[in-house]
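Coordinate-derived values only; no laboratory data. What you see is a predicted model; the values in this text were computed from it and never measured. Glycine gets a Cβ as well: all are built from the backbone with ideal geometry, and neighbour counts include every protein chain shown.
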Amino acid sequence: MTSDLYALLSIESPILSAPMAGAAGPELVASVCNAGAYGVLPLWHKPPDDFVADLIRTQSLTNRNFAVNLNVSNPYQEQLQLCIDHKVHAVSLFWGLDSDAVKKAKAGGLKVLYSVGTAQEAKFAEKAGADVIIAQGWEAGGHVWGRVSTLALIPAVVDAVEIPVVAAGGISDGRAVAAALMLGAAGVWVGTRFLASPEATIDESYRRKILGASEDQTEWYHELYDVSWPDAPHRALKNTTSHDWHAAGAQRPGHRPNEGEVIGHRPNGESVERYQSYTPLPGTTGDVGAMSLWSGQGVSQVNRILNAADIVKELHKEARSVMQNHSALL
């Protein structure tokens, strides 16, 4: 299946960069692609002019294939048509099951990567015409669709479908890449590790917290950072916001401490509320540490800054070494 994925995406490395909205822009995606891997550009949250500008910018930085990430729980039809018009290689669909989105993308000549949280959802996506399944484990950072761990999810999904499966969730070093491949995945989807790259467009204090975090410093929340995106479970670093919320009894929205409080401002001057779903960008002011600092459980393996291309190379090299060194264990 790994060879199938290589041929399908025209890649030399089984690494895909996760579409971290706010953090993964054209520079990161192009760097990943130029290293022989596959970048996924998150554009679903952007207005049409910015959507097209980032798309064209990415195409100017690489002549390699990449995908554009679309949220099917939002109106996506115009965005999908823009991808078709600009001859993007693929779309990455997430946050719900929508066979119409797959059909339109395929009719427009695009490949389709579909993110799922169960084997049953993977079967649905395959039947709808998806080319690749992204099986996202509960360990993943940011918004998390399912509740099954990567270790249990990957073999279940691999057994359920006949198309390539890419493993996502908690994969931050070469050992985790090798483990995912041994579970039957054809490739891996990496997010948190790429936050520690200069191409990731995040506030430096956020990046430092990623570099200093241990494996037990993330939490999964059903609706903590729900302002701007309700009903969307997620995983982030523990911070003062989560501490005070727990101390007050982990109350539901409407009963949490300091709701509506402005804790900072975006670079454009717009306010950031406590409990807002927001990736702190460079130039964010205020109490950045109290904002939604997305992170997966593999964060403890993220301990140094490297260019995105070098991260791809390191992950691939480490995975090869691990698999070669352990081939004789059994």
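With the chain treated as a Gaussian network of Cα nodes joined by springs under 10 Å, which of 32, 88, 116 yields the largest mean-square fluctuation?
Comparing 32, 88, 116 in the GNM, the peak value goes to 88.
Cβ under 10 Å from residue 318's Cβ, residue 318 left aside: what net charge do those residues give with Lys, Arg +1 and Asp, Glu -1?
Numbers: positive: 175, 313, 317, 320; negative: 173, 314.
Once positives and negatives cancel, what remains is +2.
Modelling each spin label as a point 7 Å along the Cα-to-Cβ direction, I'd like the residue 65/residue 147 distance in nm, to one decimal.
The answer from the label model is 3.6 nm.
Would any residue of region 276-300 have its amide N under 12 Å from a label point 7 Å out along Cα→Cβ of residue 262? List them or say none.
So the set is 286.
Where does the charge balance sit around residue 177 when Lys and Arg score +1, Asp and Glu -1, over other residues with C-beta under 11 Å from its C-beta?
+1
All other residues with a Cβ under 15 Å from the Cβ of residue 99 taken together, and with Lys, Arg as +1 and Asp, Glu as -1, what is their net charge?
0
Evaluate E = 1/(1 + (r/R0)^6) for residue 7 and residue 84, where r is the Cβ-Cβ distance and R0 equals 30 Å; express this FRET efficiency to the nearest 0.05.
Computed FRET efficiency for residue 7 and residue 84: 0.85.
Express in nm, to one decimal, how much length is gained between residue 246 and residue 45 on full extension, taking 0.36 nm for each residue of separation and deducting their alpha carbon distance. Spell out each step's value before the answer.
On the way: separation 201, 0.36 × 201 = 72.36 nm, distance 2.97 nm.
Here the answer is 69.4 nm.
With the radius of gyration and the Kirkwood radius both derived from the Cα set of region 218-294, what is their ratio Rg to Rh?
In region 218-294, Rg relative to Rh is 0.93.
If you take the charge dipole of region 218-294 about its Cα centre, with +1 on Lys and Arg Cβ and -1 on Asp and Glu Cβ, which of 224, 234, 254 is farthest toward its positive end?
The Cα lying farthest towards the positive end belongs to 234.
If you keep only loop residues by DSSP, which GluC sites (Glu not before Pro) in region 80-189 have at most 13 other Cβ atoms within 10 Å of their Cβ?
Loop-located and lightly packed - 162.
Find the centroid of the Cα atoms in region 132-165 and in region 251-330, then give the distance between the two in whole Å.
20 Å
Helix-derived [θ] at 222 nm for the chain: sum -39500 (n - 2.57) over DSSP H runs of at least 4, divide by residue count, nearest 500? Intermediate results must be reported in sequence, preceding the final value.
Working: 12 runs with 118 residues, N = 330.
That calculation yields -10500 deg cm²/dmol at 222 nm.
Under a point-charge model restricted to the Cβ atoms of Lys and Arg (+1) and Asp and Glu (-1), what is the dipole moment magnitude of the chain relative to its Cα centre, in debye to the nearest 20?
My answer is approximately 540 debye.
Count neighbours as other Cβ atoms within 10 Å of each site's Cβ, and list the trypsin sites (Lys or Arg not before Pro) in region 68-112 that are DSSP loop with at most 15 such neighbours.
The qualifying sites are 87.
Which one, 47, 14, 230, has the greatest fluctuation when you compute a Gaussian network model over the chain with C-alpha springs under 10 angstrom?
Sorting by GNM fluctuation, first place goes to 47.
Which whole number in µm²/s is D for the chain by Stokes-Einstein, with the Kirkwood Rh taken over Cα pairs at 37 °C and 0.692 mPa s?
166 µm²/s
So what is the orientation-averaged projected area of region 146-187, using the convex hull of its C-alpha atoms, in nm²?
2.7 nm²
With only alpha-carbon atoms counted, please give the Rg and Dmax of region 42-127, in Å.
Here Rg and the maximum Cα pair distance are 12.6, 38 Å.
Could you check which residue among 26, 253, 164 shows the biggest mean-square fluctuation in a GNM of the chain with a 10 Å Cα cutoff?
253
Which ordering of 20, 182 is given by a fewest-first count of other beta-carbon atoms within 10 Å?
So the ranking, lowest neighbour count to highest, is 182, 20.
Once the piece of chain linking residue 120 and residue 52 is laid out straight, how much longer is it, given 0.36 nm per residue of separation minus the C-alpha distance between them? Walk me through the intermediate numbers first.
Values: separation 68, 0.36 × 68 = 24.48 nm, distance 3.42 nm.
Between residue 120 and residue 52, full extension yields 21.1 nm more.
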